[in-house]
Amino acid sequence: MVIIQILGSWCPNCMDETRFLSPWYIQNKSRGVAIIGLAYERTTSLANTKRLLQPFITRFNVTYPILRNGVSVDDSLRTEKTLPEIQKIIDSLQPFL
């Protein structure tokens, strides 16, 4: 099982989610669980994103990879730029929503 965590170091809900996921991952990774974080920060600078994420990673003892994507959370096309297949998934779920 692979979990894609969409997060921002500035996001209170993401902090709550990470507070749960981080120890859960440590307990379950031997069962084949993988988590990949995809970070959306308020900057497009990868250096600044790294600087913003490091305290978040340390605070929540994150041991799974977090990808810095270089796309700002303020970019209206952020999803299309980083998860281009997501629209196909959303479209396929429409009958169930």
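The values are calculated or read from the model by the stated rules, or taken from the named source; none is laboratory data. If you're wondering where the values come from, they're calculated on a predicted model, not measured in any experiment. As a convention, Cβ positions derive from the backbone with ideal geometry for all residues, glycine included, and neighbour counts pool all protein chains shown. Heads up: the accessible areas ignore ligands, DNA and RNA and are worked out on the full protein's heavy atoms, side chains in. Shrake-Rupley method; radii C 1.70, N 1.55, O 1.52, S 1.80 Å.
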remark   = If we ask which residues in segment 55-81 are part of a helix (DSSP H, G or I), at pLDDT 80 or above and open to solvent by less than 90 Å² (accessible area, probe 1.4 Å), their number turns out to be 3
key: Residues that are among the aliphatic types (A, V, I, L, M) and assigned to a helix (DSSP H, G or I), drawn from segment 17-37   = Leu21, Ile26
message = With the structure loaded, tell me whether Asn28 is in contact with an Asp or Glu (Cβ under 8 Å, 6 or more places away or on another chain) and surrounded by 13 or more Cβ atoms within 10 Å (Cβ to Cβ) or whether it fails that test.
response = no
inquiry  = Give all pairs with beta carbons closer than 6 Å in which a residue from segment 42-55 that is more than 18 Å from Ser76 (Cα to Cα) and in contact (Cβ under 8 Å) with a residue 24 or more places away in the chain meets a residue that is of a type outside the set (S, T, N, Q) and open to solvent by less than 90 Å² (accessible area, probe 1.4 Å); count only pairs at least 6 apart in sequence or on separate chains.
reply    = Leu46/Gly70; Leu52/Glu41; Leu53/Ala39
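Looking at Arg19, Arg51, which one is within 15 Å of the chain's Cα centre (by Cα) and open to solvent by 60 Å² or more (accessible area, probe 1.4 Å)?
On the way: Arg51 fails: within 15 Å of the chain's Cα centre (by Cα).
Only one candidate qualifies: Arg19.
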query = When only residues in segment 82-97 that are within 30 Å of Gln27 (Cα to Cα) and in a helix (DSSP H, G or I) count, which is modelled with the highest pLDDT?
reply = Thr82
query = Is there any pair linking a residue in segment 64-80 that is at positive phi to one that is at pLDDT 80 or above and open to solvent by 80 Å² or more (accessible area, probe 1.4 Å), with Cβ under 9 Å and at least six apart or on different chains, and which?
reply = Gly70/Thr44; Gly70/Leu46
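Looking at segment 7-16, which of its residues are surrounded by 13 or more Cβ atoms within 10 Å (Cβ to Cβ) and part of a helix (DSSP H, G or I)? Talk me through it step by step, then tell me what you get.
Keep residues of segment 7-16 that are surrounded by 13 or more Cβ atoms within 10 Å (Cβ to Cβ), which gives 7-11, 14-15.
Across segment 7-16, the qualifying residues are Cys14, Met15.
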ask   = Does Tyr40 qualify as being outside any helix (DSSP H, G or I), hydroxyl-bearing (Ser, Thr, Tyr) and surrounded by 15 or more Cβ atoms within 10 Å (Cβ to Cβ)?
value = yes
